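The values are calculated or read from the model by the stated rules, or taken from the named source; none is laboratory data. All values reported here derive from a predicted model rather than from experimental measurement. All Cβ positions, glycine included, derive from the backbone under ideal geometry; neighbour counts span all protein chains shown. With ligands, DNA and RNA removed, areas are computed over all heavy atoms of the protein, side chains included. Shrake-Rupley method; radii C 1.70, N 1.55, O 1.52, S 1.80 Å.
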Amino acid sequence: MGVPEAVAGLAAIPGVRTAAQLGEPSLDKAASAGRLPVALALAGLVPGGLRRGSTVAVRGSAALVLALLAEATREGSWAAIIGMPAVGVVAAAELGVDLDRLALVPDPGVELVAVVSALIDGFDLVVLGPAAARGIQPQLARRLAGRVRNRGAVLISAGSWPGADLELEVAKRRWRGLSDDGFGHLDARDVVATSRGRGAAARPRHLALQLPGPDGAVAAVGATAGGRLSEVAG
């Protein structure tokens, strides 16, 4: 099946609204204002939500990428993930992503640019996996960013993106749940997330999160009972 037919099949799913159709009435205040909502725990990192027409680079955490999709998909937006074959749908669901509004394209093959462009035309949020993002040259990145602006979508790169409007990074990972003797169950991971914008928003914001929290979703630190912290890779 060629790229146009495959993407047409995705866009033909009942209820899919193209990102370009911004004039349609919306019951969601954030969407009607040109922004897509994010989980309450991420409000300090992405104030006001994800701005339509913007590009976002996320470094250091596939979980944060999925968490960014959660609230928007629950509110009726559609998301597509391209070039992330190892993404876990169980983890995505636990982080709050509505799987009925999520399309996966594990391997775009040699038609990467055509697939990304078509998905930008038809979905509210498009995630580009790290390997695919590394293959995008600055000139092509500018072309895709222009398409994102024109269509009113949000492009999220799981890795660096030239000229990204918003950069998010996760560091200082520490797992909770182990006892003093090293036994127990790892039930939450504390992280520090940093966001940097452009222009007036260039000043970094730092936010302590649990990603994931005890219930699998992203949580603000302090919202759940604490436990012994343990340094664990990942």
Just to verify a number: FRET efficiency for residue 147 and residue 206, C-beta to C-beta distance, R0 = 35 Å, to 0.05? 0.65
Need one word for segment 27-174: rounded, prolate or oblate. Basis is the Cα gyration tensor (sqrt eigenvalues a ≥ b ≥ c); a/c below 1.5 gives rounded, then a/b vs b/c decides. rounded
Could you derive backbone 3J(HN,Hα) for segment 39-56 from the dihedral phi with the Karplus parameters 6.51, -1.76 and 1.60 (θ = phi - 60°), listing whole Hz in sequence and x where the residue is Gly or Pro? 4, 4, 5, 9, 4, x, 8, 10, x, x, x, 7, 6, 4, x, 10, 10, 10
Taking only protein heavy atoms and a 1.4 Å probe, what accessible area per residue, in Å², does segment 89-194 have with all protein chains in place? 47
Between residue 54 and residues 5 or more places away or on another chain, the pairs with built amide H atoms under 5 Å apart involve 155
Inter-site label distance for residue 140 and residue 169 at 7 Å from Cα along Cβ, in nm: 2.5
Label segment 71-128 by shape, choosing from rounded, prolate and oblate, from the square roots a ≥ b ≥ c of the eigenvalues of the Cα gyration tensor; if a/c is under 1.5 it is rounded, and otherwise prolate applies when a/b is larger than b/c, oblate when it is not. oblate
Of every hundred units of 1.4 Å-probe accessible area on segment 30-136, the number belonging to carbon and sulfur atoms, as a percent, is 56
